[in-house]
Every structure is written in C-alpha cells, then in structure tokens.
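Okay, so here's the structure we're looking at.
Just so you know, all these numbers are worked out from the coordinates, no wet-lab data involved. As the structure is a computational prediction, the values presented were derived from the model and not from experiment. Quick reminder, even Gly has a Cβ in these numbers, built from the backbone with ideal geometry, and neighbours come from all protein chains shown.
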Amino acid sequence: MATEDCFKGFVVGGLIGAALGILYAPKSGKETREGIQHSAEELLERAKEQFDEAARKIEQLAHWEKELYAEKKGKVKKALEAGAEVLNQT
C-alpha cells in the first residue's frame, strides 16, 4: 500500500511540476514541445525505476515465503512423525 501511494504521489508530482514548468516558462512552441518530451522521458524513466524496485521487492518476498514454507513444512513433518511414533509405541 505504501509503495502504491508513493508511486501515485510521484506521478502526480511529476505531472504538476511539468505543467507548472510549461505555464511559467516563456519559450517558443518548439522549445516547449522539447521540454515536454524531455519531462515525459524523465517521468517514464523514474516510473520504470519504481516498477523495477517494486518487482525486486516482490521477488524477494516470494523467495522469503518459499523458504518459510519449506521450514514450517519440515517442522510439521517432524511433529507428525514424532506423534506417529508415540502412537505406535502404545
């Protein structure tokens, strides 16, 4: 949730900054279009970086969950085997 909110804030902030830059910069149409293009490219690059970071964190979390599952599965198996052994002894 925090990553999603951060990303939304990043996008909105980028758009607001680009819009204000366009409105207050006395440039020709060509210069303005080039500025918009540059701002859009920077925003896209930042969005890609945020996406890559989120994907990396998700991958780490999935790996951690697999390890945790394997660990818990092993403990449950040992407990079941111990319980079965106790039942067999009686």
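What does the extension gain come out to for Thr3 and Glu81, with contour length at 0.36 nm per residue minus their alpha carbon separation?
Roughly 23.8 nm would be gained on extension.
Cross-link candidates for Lys78: which lysines have Cα within less than 22 Å, leaving aside residues fewer than 8 places away along the same chain?
Straight-line reach from Lys78, under 22 Å: Lys66.
Which shape class applies to the range 2-89: rounded if a/c is under 1.5, otherwise prolate when a/b exceeds b/c and oblate if not, where a ≥ b ≥ c are the square roots of the Cα gyration tensor eigenvalues?
Judged from the Cα gyration tensor, the range 2-89 comes out prolate (a/c at least 1.5, a/b above b/c).
Given labels modelled 7 Å from the Cα in the Cβ direction, how far is it in nm from Ala47 to Gln89?
Roughly 6.5 nm, to one decimal.
Expected output is a single nm value to one decimal: the length gained when fully extending between Glu34 and Lys72, i.e. 0.36 nm times separation in residues minus the C-alpha distance. What is it?
Gain in length upon complete extension: 8.0 nm.
With everything on Cα atoms, drop me the angle between helix 2-24 and the longest principal axis of the chain, reported from 0 to 90° to the nearest 10.
Its long axis makes an angle of about 0 degrees.
Among Leu80, Trp64, Ile16, which residue has its Cα positioned farthest towards the positive end of the charge dipole of the range 2-89, with +1 placed on the Cβ of Lys and Arg, -1 on the Cβ of Asp and Glu, and the dipole taken about the Cα centre?
Of the listed residues, the answer is Leu80.
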